[in-house]
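*Asks:* Let me give you the structure first, and then I'll get to my questions.
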Amino acid sequence: MLIKNTYLYFVSLTLALIVFFYAVSASETESPSTQSVELIKSGFDFPSNFYFSQDGTKKIFVIEHHTGKIMFTDLNLQNETWSVFLDIGDKIQTADWEQGLQSIVFPPNSDSTNHFYVTYTKPTERGDDTGDLVLSKFQISEDQQTAIKSSEEILLVIELKKYVHNCGHMEFGRDGYLYLCVGDGGDGYLSQIRRELPGSILRIDVENQKKPYAIPEDNPFVNSKKFRPEIWLYGLRNPWKFSFDSKTNDMYIPDVGSAYWEELNFRSIKSKMDDIRNYGWDFFEGFFTNEKDIDPKNFSFPIYTYPHGTIGEAIIGGAVYRGRKYPDWDGVYVFSDIVSGRIWGLRGAGTEKIELTEIIKTNFNITAIGIDHDGEIVFSSFTDGSLYKLKFPDIDGASWNKNEEFLLSERTEFENKIYNERLNEPKKNTQWQYEGLLGRFYRWQKTFFSDTLDLW
């Protein structure tokens, strides 16, 4: 009980610190000038995600996380009118700030379809503040201006043990399959139990007529009797906003860290379907572990990490720039941190020459980064309830640095001291010790009774 209570204490402390940073970040950083960003629309209530139609139309959908509303406008109408596309506020759970309406996505060739998909957290019957992750399908009205609420078809419900790390972001891949991220739900050990869905990215065929969905034949565990066949990647903590490069189809997977490290993972389309799919949590946070006798050859590691502190506290993801307005920035992955509000560019993913540059500092708690109809970078701000378009600076004036050089230039003396302690003796981290013990017990329990974990 002592171990469990201590673990829950550290989880609560981490959340409290993040909320604290929300409150102070706006006053400690400078607001970007109008030369850096362009306001698209303000007045949203906690815009946590958005979707720009990619079918030739000019539709924009913005998710209001806690109201349960999807706001909508059609730029082709040229009247700048925003309306409620869907309101499921009576269905969602919002006991914690991460809970709520999570994501919206339309299938490929959606101009010829009449439906879309959403994810949200719903209340449970367990009598607590936890919320289960729901994947649902909705129909669209004939005039394409509203969703039909009564048409909801629930395809999948995933139990989350706690009220954090809900995730739920979705993207359709070029292969036509739906990719859905599932956070670990606050129980990191589940990320290594492949009979469970938390802590993973799923790959399912929702457009197949098979109910509720079909499993792609080349999914890694499709023929396994021990593991869930929906799982495509696992060993993740809270991959808040993954994305595909629209040109290469490479996948960028940010994963929000626990005590000390934020990480960005990368998966090339050139990767074989049967190679390493375990991204390490909760054996590893970034490159570091407190576990003994763990073979790193069984894991995939991030291409970039940064420590908590000056740089940020929670990576929220980004998008690869493929627009026409700033051709020098083509292929650069643009990402941010929700706490620090800083936006960076990363180039060289998949190579040994990864470089970073800071694009702008903002006073925003940035919740999502994506692309608009023209491939330009757009981000949403929880701080002022707005949607912005990013204006890139002159790339010739950007200071590109290697990972370590970039970090060293940003860390304070105190952070450098902590960094070296973590680097040299990560087992001194008390939180990791308790999480490791608790996770070890649960993994042993699962393994003993169901023989589901082959890495132990």
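*Asks:* Regarding region 165-174, can at least one residue be identified that is surrounded by fewer than 16 Cβ atoms within 10 Å (Cβ to Cβ), more than 21 Å from Gly318 (Cα to Cα) and either hydrophobic (A, V, I, L, M, F, W, C) or touching a residue at least 12 places away in the same chain (Cβ under 8 Å) (or both)?
*Replies:* So far as region 165-174 goes, no, none of its residues is surrounded by fewer than 16 Cβ atoms within 10 Å (Cβ to Cβ), more than 21 Å from Gly318 (Cα to Cα) and either hydrophobic (A, V, I, L, M, F, W, C) or touching a residue at least 12 places away in the same chain (Cβ under 8 Å) (or both).
*Asks:* So which strands (runs of 3 or more DSSP E) are wholly in region 302-354 and hold at least 1 residues that are of a type in the set (Phe, Trp, Tyr) and either within 15 Å of the chain's Cα centre (by Cα) or closer than 20 Å to Ser381 by Cβ (or both)?
*Replies:* Where strands (runs of 3 or more DSSP E) fall fully within region 302-354 and carry at least 1 residues being of a type in the set (Phe, Trp, Tyr) and either within 15 Å of the chain's Cα centre (by Cα) or closer than 20 Å to Ser381 by Cβ (or both), they are 333-337, 342-347.
*Asks:* Residue pairs, Cβ under 9 Å, 6 or more apart or interchain, first in region 124-141 and surrounded by 14 or more Cβ atoms within 10 Å (Cβ to Cβ), second at pLDDT below 85 and hydrophobic (A, V, I, L, M, F, W, C). List them.
*Replies:* Filtered contacts from region 124-141: Asp129/Ala95; Thr130/Ala95; Gly131/Ala95.
*Asks:* Out of the residues in region 312-329 that are in contact with a Gly (Cβ under 8 Å, 6 or more places away or on another chain) and over 15 Å from Leu407 (Cβ atoms), state the one that is surrounded by the fewest Cβ atoms within 10 Å (Cβ to Cβ).
*Replies:* Arg324
*Asks:* For region 147-160, enumerate the residues that are surrounded by fewer than 19 Cβ atoms within 10 Å (Cβ to Cβ) and at pLDDT below 95.
*Replies:* Glu159
*Asks:* If only one of Ser136, Ser151, Ser103 is touching a His at 6+ places or on another chain (Cβ under 7 Å) and part of a strand (DSSP E or B), which one is it?
*Replies:* Only one candidate qualifies: Ser103.
*Asks:* Scanning for something without any contact (Cβ under 8 Å) to a residue 12 or more places away in the chain and in a strand (DSSP E or B), does region 211-228 turn up at least one residue?
*Replies:* Among the residues of region 211-228, at least one is without any contact (Cβ under 8 Å) to a residue 12 or more places away in the chain and in a strand (DSSP E or B), which makes the answer yes.
*Asks:* Going by the structure shown, is Gly309 modelled with pLDDT of 85 or more and small (Gly, Ala, Ser)?
*Replies:* The answer is no for Gly309.
*Asks:* Would you confirm, using the coordinates I've provided, whether Val24 is assigned to a helix (DSSP H, G or I), within 25 Å of the chain's Cα centre (by Cα) and either surrounded by 14 or more Cβ atoms within 10 Å (Cβ to Cβ) or at pLDDT 60 or above (or both)?
*Replies:* Considered against the rule, which asks whether it is assigned to a helix (DSSP H, G or I), within 25 Å of the chain's Cα centre (by Cα) and either surrounded by 14 or more Cβ atoms within 10 Å (Cβ to Cβ) or at pLDDT 60 or above (or both), Val24 comes out as no.
*Asks:* Test of understanding: among Ser141, Ser136, Ser150, Ser103, which residue is hydroxyl-bearing (Ser, Thr, Tyr), over 26 Å from Thr248 (Cβ atoms) and in contact with a Leu (Cβ under 9 Å, 6 or more places away or on another chain)?
*Replies:* Ser136 is the lone residue from the list that is hydroxyl-bearing (Ser, Thr, Tyr), over 26 Å from Thr248 (Cβ atoms) and in contact with a Leu (Cβ under 9 Å, 6 or more places away or on another chain).
*Asks:* Please find, within region 365-403, the residue that is surrounded by the most Cβ atoms within 10 Å (Cβ to Cβ) out of those that are hydroxyl-bearing (Ser, Thr, Tyr) and not in a strand (DSSP E or B).
*Replies:* Filtering first and then ranking leaves Thr383.
The values are calculated or read from the model by the stated rules, or taken from the named source; none is laboratory data. Because the structure is a prediction, the values reported are computed rather than measured. Here the Cβ is made from the backbone with ideal geometry for all residues, glycine too, and neighbour counts use every protein chain on show.
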